[in-house]
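The values are calculated or read from the model by the stated rules, or taken from the named source; none is laboratory data. Owing to the predicted nature of the structure, the values given are computational and were not obtained by experimental measurement. Every residue, glycine as well, gets a Cβ built from its backbone with ideal geometry; the counts of neighbours run over all protein chains shown. Each accessible area value is taken on the protein alone, full model and side chains, heavy atoms only, with ligands, DNA and RNA left out. Shrake-Rupley method; radii C 1.70, N 1.55, O 1.52, S 1.80 Å.
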Amino acid sequence: TLGGSYLSTRIRAVTNSLPDGTTYTADREMANAPKWTANGSIAYEVPLPNGRKLTFSWDGNYRSSRYTNNFNDPSVLLSGYFKHNANISFDLNDNLQFQAFVRNISNKLSGTKAYQFNDLGYTQFIYSEPRVYGGSVLFRF
């Protein structure tokens, strides 16, 4: 599967104040609204004897840069990123499945949120999780 979108946002007449107390008004982009997004996934299923199956899957997604507030301050502009994941699952029968996975294969560190503290003079960033790998067991009743 493949998907994608283009988003054009505009908030009119956003008023912001400067440290010297003056204000200005301008049109701005909406917060947390990347212009471009794309995603894709693929899965390949291998039938095995006795009703068993092995499934290999991959998915990825892209987001372009975006601001995290409606003032569009450059200090809270998050970079665009691409992330991808992989999964292998083994279905023993209709009730039992074993999985192994890797999320964020490229170990790309990307900001997901930024909080601006003007009075203190800094911006705090929240980041996505690093590469994670693991396994799981699923039992269906």
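Excluding residues on the same chain fewer than 8 positions from K108, give the aspartates and glutamates whose Cα lies under 16 Å from its Cα. Leaving aside aspartates and glutamates fewer than 8 places away in the same chain, those within reach of K108 are D59, E129. Taken as Cα centroids, the stretch 67-141 and the stretch 1-56 sit 13 Å apart, rounded to the nearest whole angstrom. Using the 1.4 Å probe convention, the accessible area of the chain works out to 67 Å² per residue with neighbouring protein chains retained. Using the Karplus relation 6.51 cos²θ - 1.76 cosθ + 1.60 with θ = phi - 60°, the per-residue 3J(HN,Hα) values for the stretch 64-73 come to 7, 4, 7, 8, 9, 9, 7, 8, 6, 5 Hz, with x marking Gly and Pro. Using a Gaussian network model of the chain in which every pair of alpha carbons under 10 angstrom is joined by a spring, one finds that among A86, A13, A38 the greatest mean-square fluctuation is at A13. Comparing G21, G80, G51 in a Gaussian network model of the chain, where Cα atoms under 10 Å apart are tied by springs, the biggest mean-square fluctuation is seen for G21.
Given charges of +1 on the Cβ of Lys and Arg and -1 on the Cβ of Asp and Glu, with all other atoms neutral, how large is the dipole of the chain about its Cα centre, in debye to the nearest 20? Show your work: numbers first, answer last.
Details: 14 positive and 10 negative charges, 50 e Å.
It works out to roughly 240 debye.
Candidate cross-link partners of K53 among the lysines, defined by an alpha-carbon separation under 25 Å and a same-chain spacing of 8 or more, are absent.
The amide H of K53, built 1.01 Å from its N in the peptide plane, has L48, D91 as neighbours under 5 Å, considering only residues 5 or more places off or on other chains. Listed by chain and number, the lysines placed with their C-alpha closer than 30 angstrom to that of K113 are K35, K83; residues fewer than eight positions away on the same chain are left out.
In terms of overall dimensions, the chain has a Cα radius of gyration and Dmax of 21.6, 75 angstrom. Comparing V76, V14, V46 in a Gaussian network model of the chain where C-alpha atoms under 10 Å apart are linked, the largest mean-square fluctuation is found at V46.
Remark on T9: its backbone amide H falls under 5 Å from those of M30, a criterion applied only to residues 5 or more positions apart or on other chains, H modelled at 1.01 Å from N.
Where Lys and Arg each count +1 and Asp and Glu each count -1, what net charge lies around S136 among other residues with Cβ under 15 Å from its Cβ? Walk me through the numbers on the way to the answer.
On the way: positive: R103, R140; negative: D91.
Charge balance near S136 sits at +1.
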